[in-house]
Each structure stands twice: as structure tokens, then as C-alpha cells.
Amino acid sequence: MKHLIESRDLSPSDTKGILDLADQIIREPAKYAQVCSGKKLATLFFEPSTRTRLSFEAAMMELGGNVIGFASADSTSASKGESVADTIRVVQNYADIVAMRHPKEGSAKVAALHASIPIINAGDGGHEHPTQTLTDLLTINSLLGRLDHITIGLCGDLTFGRTVHSLIHALMGYDHISFALISPQELTLPSYIREEMVGRDIPFKEVERLESVIDELDVLYMTRVQRERFFNEEDYIRLRDSYILDGAKMKQAKKEMIVLHPLPRVNEIAAEVDDDPRACYFKQVLYGKYVRMALIMTLLELEV
Ligand code: NCD
């Protein structure tokens, strides 16, 4: 694996290697404190981010490396019309590895085609977000103790939610996974992913009401309606509060179900749920830092 652009770039053994390394880092962080000494990560964020960018930067610093980069397109030559290909040709002279977020689908792929250093897709439009998926897999594996035999409900904006697309692709590779796809009619999963699920005989159902499936789930993955990818504001306003997970709905769920959310949350999880022990979205944030440490080491081919 040279770059990480889509979650299908990760073979099951790549994923296992990264998750195992993240577990080792969690157990003995001090052992890894200098492994990236002298290396630089460039975070190229053409789109807003809190967790992804900061967790990459924290990850690199905890490995003893340095960070350069930008947090918005306005401050870069992209605002003068520079292409992604040219930006990468330039940045690779300054850094050893790149994490890039961009509003256009396919932009990370374009970057990888022109790069001599590893490129990590930190989100490309409504397409994929594979490092959130690694975060989600590490969280599920750590909290449930397995990545197979899971019924997972993905709820909210399944059309534009790139974290959902990447997570489904990754989970399809494990045994006995079944999916409940919970969304309004207007925000269902893109057909290319549904067709793949049908082609691989993956069990799934599509429903509009969260209440109709919540009692079957081992994992409930909530997502926000992706306002920035809508064509008009009225549609967003009509759909934004389609789902609100609250205490009453949590009462119908299994005692050992976990609730995940890539964050940011808007209205889709009521604050009262935060105190429920099954609410794991803030724990998920910490796993994201460790898994990114493991990913950086893997792509830079560094060992301790
Ligand atoms: C997600 C993203 O950027 O796709 N956020 C994240 O990276 N954790 C989810 C979102 O923005 O809704």
C-alpha cells in the first residue's frame, strides 16, 4: 500500500496490520515517541475540519515528527487557480507524507497520480473518507471485540456521507455483517454501492424509520445531513432533522449496542444521549488519533 485513497485500497491484512499497530501504540505510546523524528507531514485541507486535521497533526507530533500545512483553500494558491496536481508536485519537496481534504470527489486520486510521496485521502467531497473508517473499525473492534457478526445501522445522509461509503466498503470484507440503511428516500445510498452489496450477496435492508430496526443493532452509526453538498437550502432544511436519536429511542436498543458518529453532530443526537454508556462517539475521537499514528508509520514503512 503506497497511498490510502479509498477504503478498498486496504486489504484485510493491511487493515489488520494497522489496527494491531494502533493497539500496540495505545498500550505503549512512549515506545513510538521518536519513530517519525526528522519526518514531516503536510496537512492540505481545502475544506473545513476539526478532528481529522488536528488528529493527524497530533498523531505526527506524538510520533516525534513535524507538521506543515494549511486549513483552508483561501490561504493557498488554489485560490489563484493552481491545480491539485501542481500543488502536490510542489508540496512533495517539503514533506514526507500528505493528508489531504478537498471538496471534489476524486481529488485525492489525482494527487496520488502525481505524487512521489504517500498521499492519504482525508475526505474527497461526497466520495470517501478512509481514515475515518480506520477510526471506526478500531473503535468497533476495541469496544465490541470483533469486526464480524455485526448488525450495523447507518442512519442519516447516506447519499453524501462519505464516512458511510468508506465504512460499508470496509465492513463488506468481514464475515456475517448485515446492514440496516436508515435514511429518507431522498438520501439513500448511491446505487454503485448498493449494486456492489447485491453482487456480493451482502445482507442489507433499507428503511426510513430508525425505530423499525433499532432493537436489532449492535452498532448504530449516526451521521449529519451534509448541508454543504446540497444543491438548495430548502431541501437541506426539510431533511436536516429527519432523525434525532434521543433517550426514548435508546430505550428500544440492545443494552450492549454502541452509538458511533464521525462528528460533527448537529441535531441528530440529543445531548441527553451523551450520558448513556452506549454513547461512544467521543471515545471514537481518541481512537482516531491512534489509528492515524499507525497509518503514518505504515505508509512511511517505519518500525520500532
Ligand atoms: C466527517 C467528514 O468530514 O466527512 N467528519 C469527520 O471527518 N469526522 C463527517 C461529517 O462532516 O459529517
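The values are calculated or read from the model by the stated rules, or taken from the named source; none is laboratory data. Because the structure is predicted, anything quoted here is derived from the model rather than measured. Quick reminder, even Gly has a Cβ in these numbers, built from the backbone with ideal geometry, and neighbours come from all protein chains shown. Ligands, DNA and RNA are excluded from the accessible area calculation, which covers all protein heavy atoms including side chains. Shrake-Rupley method; radii C 1.70, N 1.55, O 1.52, S 1.80 Å.
Heavy-atom accessible surface of the chain, averaged per residue, reaches 43 Å², computed with a 1.4 Å probe.
Scanning residues 5 or more positions from SER242 or on other chains, none has an amide H under 5 Å from its amide H, with H placed 1.01 Å from N in the peptide plane. Hey, what angle do you get for helix 12-27 against the long axis of the chain, alpha-carbon based, 0 to 90 degrees rounded to 10? Tilt of helix 12-27: around 80 degrees. Looking at the chain alone, DSSP beta bridges between its own residues are antiparallel in about 5 percent of cases.
What FRET efficiency comes out for ASP246 versus THR76 if R0 is 51 angstrom and r is the Cβ-Cβ distance? Round to the nearest 0.05. E between ASP246 and THR76, to the nearest 0.05, is 0.80.
Farthest toward the positive end of the dipole of segment 130-284, out of SER183, MET257, ILE237, is the Cα of MET257, where the dipole comes from beta carbon charges about the Cα centre. Compared with the direct C-alpha span, the chain from LYS254 to ARG8 gains 85.5 nm at full extension, assuming 0.36 nm per residue.
Sequence-distant contacts, meaning Cα pairs under 8 Å at least 6 residues apart, place the relative contact order of the chain at 20 percent. Of the solvent-accessible surface of segment 130-284, computed with a 1.4 Å probe over protein heavy atoms with every protein chain present, carbon and sulfur atoms account for 49 percent.
Using a cut-off of 12 Å between beta-carbons, work out the net charge of the residues near THR135 (Lys and Arg +1, Asp and Glu -1, THR135 not included). My count for the surroundings of THR135 gives +3. Comparing GLY38, GLY126, GLY81 in a Gaussian network model of the chain (Cα springs below 10 Å), the most mobile by mean-square fluctuation is GLY81.
Evaluated at q = 0.06, 0.15 Å⁻¹, a Debye calculation over the C-alpha positions of the chain (equal weights, vacuum) places log10 I(q)/I(0) at -0.19, -1.20. Each of LYS205 and SER83 was given a label point 7 Å from its Cα along the Cα-to-Cβ line. The distance between the two points is 4.9 nm. 3J(HN,Hα) along segment 154-165: 10, 10, x, 8, 7, 6, 9, x, 5, 5, 5, 4 Hz, from the Karplus curve 6.51 cos²θ - 1.76 cosθ + 1.60 with θ = phi - 60°, whole Hz, x for Gly and Pro. Residue-wise HN-Hα couplings along segment 181-197, as the Karplus relation 6.51 cos²θ - 1.76 cosθ + 1.60 with θ = phi - 60° gives them from phi, are 9, 10, 7, x, 3, 6, 10, 6, 4, x, 5, 5, 7, 4, 4, 5, 5 Hz; Gly and Pro carry x. A Stokes-Einstein calculation at 20 °C with viscosity 1.002 mPa s, built on the Kirkwood radius of segment 130-284 over Cα pairs, returns a diffusion coefficient of 138 µm²/s. A cut-off of 5 Å between modelled amide H atoms, ignoring neighbours fewer than 5 places along the same chain, links ALA42 with ILE68, ASP96, ILE97, VAL98, ALA99. Between ASN93 and LEU302, residue separation times 0.36 nm minus the direct Cα-Cα distance comes to 73.2 nm. Subtracting the Cα-Cα distance of GLU234 and MET61 from their residue separation scaled by 0.36 nm leaves 58.0 nm. What is the local net charge at LYS31, summed over the other residues whose Cβ is closer than 12 Å to its Cβ (Lys, Arg +1; Asp, Glu -1)? Result for the local shell: -2. Dipole size of the chain about its Cα centre, with +1 on Lys/Arg Cβ and -1 on Asp/Glu Cβ: approximately 620 debye, rounded to the nearest 20. Summing +1 for each Lys or Arg and -1 for each Asp or Glu among the other residues whose beta-carbon sits under 10 angstrom from that of ASN267 gives +1. Applying 1/(1 + (r/R0)^6) with r as the Cβ-Cβ distance of LYS16 and GLU216 and R0 = 25 angstrom yields a FRET efficiency of 0.35. When the pairs LYS16/LYS254; LYS254/LYS289; LYS2/LYS40; LYS109/LYS205; LYS80/LYS104 are compared against a 23 Å limit on Cα-Cα distance, LYS16/LYS254; LYS254/LYS289; LYS109/LYS205 fall above it.
Taking the helices alone, the chain has a mean residue ellipticity at 222 nm of -10500 deg cm²/dmol, built from -39,500 (n - 2.57) per DSSP H run of at least 4 residues and averaged over all its residues.
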